[in-house]
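Participant: After the structure tokens below, expect a handful of questions from me.
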Amino acid sequence: MRLIETSDDVRFDRAVLTGESEEIEGIVDSLGETFLEAANIALMGTYVTNGHAKGVVVLTGGRTVMGRVSELTDKIKMKRTLIQQEIWRFVRIIILFTTLLALSVLIIWLAWLHHDHRSFMNVVQMLNDVMGCIVSFIPEGIP
């Protein structure tokens with residue numbers, strides 16, 4: 001908002017946008033080249049700490065300083081952290097070993113136990129054993 005009328009003691013706190021710890025004085029005359037440098041601009045998200053002023057809105061939405069900051073932060077893609085990468089690597093290894101275990105139990109049952117010792121284990125018992133091995137192989141804390 002461009003200031004058109006101010007009291008003599010109007011001051012703004014722009015720490016939210018600029019990080020400056022000191023307040024700036026609000027004036028009607030423009031002194032800066034950019035909105036962040038100009039003392040005659042009141043920015044969205046900043047605070048009036050003293051005095052009062054009147055102004056005219058010159059930019060809205062995505063064209064404001066805060067809108068541009070918002071657009072820049074929206075464009076950032078979230079990368080997996082190192083711990084997330086390691087957890088997913090561990091999960092893939094567990095899945096691989098679990099699949100190999102289940103296949104090996106199935107193959108051993110088909111090739112040897114079912115062929116040579118038919119009365120030792122039927123299909124239901126074999127599937128129960130495979131599921132038990134799979135469940136016991138996966139740690140509780142894995143997502």
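Participant: Being surrounded by 11 or more Cβ atoms within 10 Å (Cβ to Cβ), under 32 Å from the mean Cα position of the chain (by Cα) and among the charged types (D, E, K, R) narrows it down to one residue among Glu86, Glu140; which is it?
Facilitator: Only one candidate qualifies: Glu86.
Participant: Ok, one more. Looking at (1) open to solvent by 100 Å² or more (accessible area, probe 1.4 Å); (2) not in a helix (DSSP H, G or I), which is the only condition Met121 fails?
Facilitator: Met121 satisfies every listed condition except (1).
Participant: Within the stretch 94-105, is even one residue free of Cβ contacts under 8 Å to residues at least 24 places away in the same chain, surrounded by 13 or more Cβ atoms within 10 Å (Cβ to Cβ) and not acidic (Asp, Glu)?
Facilitator: Scanning the stretch 94-105, I find at least one residue that is free of Cβ contacts under 8 Å to residues at least 24 places away in the same chain, surrounded by 13 or more Cβ atoms within 10 Å (Cβ to Cβ) and not acidic (Asp, Glu), so the answer is yes.
Participant: Would you say Val56 is under 37 Å from the mean Cα position of the chain (by Cα), loosely packed, with under 11 Cβ neighbours inside 10 Å and either closer than 30 Å to Asn128 by Cβ or of a type in the set (Val, Ile, Thr) (or both)?
Facilitator: So Val56 passes the test.
Participant: On to the next question. Restricting attention to the stretch 124-137, which residues are open to solvent by 70 Å² or more (accessible area, probe 1.4 Å) and either under 20 Å from Arg92 (Cα atoms) or of a type in the set (Val, Ile, Thr) (or both)?
Facilitator: Scanning the stretch 124-137 gives Val124, Met131, Val135, Ser136, Phe137.
Participant: Would you mind stating whether Gly45 is exposed (fewer than 14 other Cβ atoms within 10 Å of the Cβ), more than 30 Å from Glu140 (Cβ to Cβ) and in contact with a Leu (Cβ under 9 Å, 6 or more places away or on another chain)?
Facilitator: Against the criterion (exposed (fewer than 14 other Cβ atoms within 10 Å of the Cβ), more than 30 Å from Glu140 (Cβ to Cβ) and in contact with a Leu (Cβ under 9 Å, 6 or more places away or on another chain)), Gly45 qualifies.
Participant: When the residues of the stretch 1-18 are narrowed to those that are open to solvent by 30 Å² or more (accessible area, probe 1.4 Å) and basic (Lys, Arg), which ends up farthest from Val58 (Cα to Cα)?
Facilitator: That would be Arg11.
Participant: Is there any pair linking a residue in the stretch 120-142 that is touching a residue at least 40 places away in the same chain (Cβ under 8 Å) to one that is surrounded by 10 or more Cβ atoms within 10 Å (Cβ to Cβ) and of a type in the set (Ser, Thr, Tyr), with Cβ under 8 Å and at least six apart or on different chains, and which?
Facilitator: Pairs that qualify, where the first residue is touching a residue at least 40 places away in the same chain (Cβ under 8 Å) and the partner is surrounded by 10 or more Cβ atoms within 10 Å (Cβ to Cβ) and of a type in the set (Ser, Thr, Tyr), are Phe137/Thr98; Ile138/Thr98.
Participant: Next question. Can you tell me which of Ser30, Ser21 is more than 25 Å from Asp74 (Cβ to Cβ) and loosely packed, with under 12 Cβ neighbours inside 10 Å?
Facilitator: Just one listed residue meets the conditions, Ser21.
The values are calculated or read from the model by the stated rules, or taken from the named source; none is laboratory data. In this text, all values refer to a predicted model and were calculated from it rather than measured experimentally. Using ideal geometry, Cβ is built from the backbone for each residue, glycine included, and neighbour counts are taken over all protein chains shown. Heavy atoms of the whole protein, side chains included, go into the accessibility calculation; ligands, DNA and RNA do not. Shrake-Rupley method; radii C 1.70, N 1.55, O 1.52, S 1.80 Å.
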